[in-house]
Amino acid sequence: MLNIRHDWTVAEARALHDLPLLELVWRAQGAHREAFGEHKVQLCSLLSIKTGGCPEDCGYCPQSARHGSGPVEPLMAVSEVLAAAAEARGAGATRFCMGAAWRAPKDGRQFDAVLEMVRGVRGLGMEACVTLGMLTDDQARRLKDAGLSAYNHNLDTSEEHYGEIISTRTYDDRLRTLAAVRNAGIGVCCGGILGMGESIDDRCALLVTLANLPTHPESVPINALVPVEGTPLADRPKLDTVDMVRAIAVARLLMPRAMVRLSAGRLSMNEEAQLLCMMAGANSIFYGDRLLTTGNPDVAADQAMLARAGLTALDPFASPSV
Ligand code: SAM
Ligand code: DTB
Ligand code: SF4
């Protein structure tokens, strides 16, 4: 019987986290098999539809105007975005995720263009996900009406550590947007970043917060910090990949039915480490040679990695999120 709970404690998550690695991975793999059966990998392509110049001060992010560390580009044209989505579909992606460096979207021409992008991506037969910052209930409803499959909004870290990373919005602001997304009937994509100076308990607390939401997120991206020159976190030491494996395994055990995404940071992991993350329950990756502003393994390398491991890609709409 799958263990679906919403009353996890940090101590329980920590006890799982600290198990001998092979015991932890074995348990997580068991939960994964029970929830999904055959292990398939969801391929999600990512596109930055509006880049940089963001007023928020997220310490990890090259798109914050305060760090002046990355390119600044206005909202892309709908036709360009849909051409990129069609290309991603051609390469085998089943989900197209569009990110905008906004604190929150403003109603009007730009929000209407995003709705058009969502309709277009769905029209291509792909799942559509956007991440646009904080949302109102009305904006969530309009995105739902346009056919949005999922909304990405990360808690990033524990509530305790959050203030060390971001000062321009609160944890509660983030939770309110997640509630607006859930109430509108859109799938929730919510996870975090490891390697930002947080403790192991902070990592466990983030996963417990996600698991104790009234409904588990359908999708949980686990990012390793991509250190970018000019950001306050540029000099953080590289995350130990075993820490990534442990966090993924705990996410799988706490939220057995979620798509757990091995997200940013794959360029600094070798393929064996990535496959160990999959063994521990990761069943989704960002696919395509760019994340938002930084790089990702190219399509050919990922195809070769999956083939080498005998892993197959998920069919469109086979995930429980839609
Ligand atoms: N502005 C919107 C927001 O913050 O909700 C959407 C875009 S924002 C870039 C999406 C997510 O990307 C962040 O919540 C964060 O988890 C992740 N991210 C940004 N920069 C990163 C980095 N350098 N390394 C790892 N993840 C990063
Ligand atoms: C998520 O959790 N990770 C993605 C996506 N959601 C939007 C973003 C990763 C960004 C990495 C840094 C960059 O490329 O700018
Ligand atoms: Fe802006 Fe999002 Fe980057 Fe924060 S993570 S600075 S909100 S783009």
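The values are calculated or read from the model by the stated rules, or taken from the named source; none is laboratory data. Remember, predicted model here, so these are calculated numbers, not experimental data. Every residue, glycine among them, receives a Cβ derived from its backbone with ideal geometry; neighbour counts consider all protein chains shown.
Sub-7 Å Cβ pairs linking a first residue in the range 79-96 that is touching a residue at least 60 places away in the same chain (Cβ under 8 Å) to a second residue that is part of a helix (DSSP H, G or I) and not hydroxyl-bearing (Ser, Thr, Tyr), at least 6 apart or interchain, are Ala91/Val299, ordered by first then second residue.
For the range 145-161, taking the residues that are farther than 21 Å from Glu198 by Cβ, assigned to a loop (DSSP other than H, G, I, E, B) and among the small types (Gly, Ala, Ser), the one that is farthest from the chain's Cα centre (by Cα) is identified as Ala146.
Within the range 195-208, is even one residue within 16 Å of ligand 2 (Cβ to nearest atom) and β-branched (Val, Ile, Thr)? No; the residues of the range 195-208 include none that is within 16 Å of ligand 2 (Cβ to nearest atom) and β-branched (Val, Ile, Thr). Among the residues of the range 213-240, just one is of a type in the set (Asp, Glu) and closer than 26 Å to Leu178 by Cα, namely Glu218.
Annotation for the range 185-192: at least one member residue is more than 16 Å from the chain's Cα centre (by Cα) and over 15 Å from Arg252 (Cβ atoms).
I'd like to check something: does the range 221-242 contain any residue that is within 18 Å of the chain's Cα centre (by Cα), away from ligand 1 (no atom under 15 Å from the Cβ), surrounded by 19 or more Cβ atoms within 10 Å (Cβ to Cβ) and under 25 Å from Gly125 (Cβ atoms)? So far as the range 221-242 goes, no, none of its residues is within 18 Å of the chain's Cα centre (by Cα), away from ligand 1 (no atom under 15 Å from the Cβ), surrounded by 19 or more Cβ atoms within 10 Å (Cβ to Cβ) and under 25 Å from Gly125 (Cβ atoms).
Those strands (runs of 3 or more DSSP E) of the range 177-288 in which 1 or more residues are within 16 Å of ligand 3 (Cβ to nearest atom) occupy 187-189, 192-194, 219-224, 284-286. Could you tell me whether Met269 is crowded, with 18+ Cβ neighbours inside 10 Å and closer than 29 Å to Asp7 by Cα? In short, no. Just one of the numbered conditions (1) of a type in the set (Gly, Ala, Ser); (2) modelled with pLDDT of 95 or more; (3) out of contact with any helix residue (DSSP H, G or I) (no Cβ under 6 Å at 6 or more places or on another chain); (4) within 14 Å of ligand 3 (Cβ to nearest atom) is not true of Gly59: (3).
Filter the range 162-171 for residues that are assigned to a helix (DSSP H, G or I) and in contact with a helix residue (DSSP H, G or I) (Cβ under 9 Å, 6 or more places away or on another chain); which is farthest from Ala128 (Cα to Cα)? Don't jump to the end; show me each part of the working.
Within the range 162-171, the first condition is being assigned to a helix (DSSP H, G or I), and the residues that meet it are 162-165, 171.
Those still in the list that are in contact with a helix residue (DSSP H, G or I) (Cβ under 9 Å, 6 or more places away or on another chain) too: 162-163, 171.
Details: Tyr162: 28, Gly163: 31, Tyr171: 25 Å.
For the range 162-171, the residue satisfying everything is Gly163.
Within the range 172-201, if we keep just the residues that are surrounded by fewer than 18 Cβ atoms within 10 Å (Cβ to Cβ) and within 21 Å of Thr231 (Cα to Cα), the residue that is farthest from ligand 1 (Cβ to nearest atom) turns out to be Ser199. Can you say whether Ala273 is at negative phi and away from ligand 1 (no atom under 16 Å from the Cβ), as far as the supplied structure shows? In short, yes. Summed over the range 130-157, residues that are in contact with a Lys or Arg (Cβ under 6 Å, 6 or more places away or on another chain) and crowded, with 21+ Cβ neighbours inside 10 Å total 1. Among the numbered conditions (1) surrounded by 23 or more Cβ atoms within 10 Å (Cβ to Cβ); (2) in a loop (DSSP other than H, G, I, E, B), the only one that Gly125 does not meet is (1).
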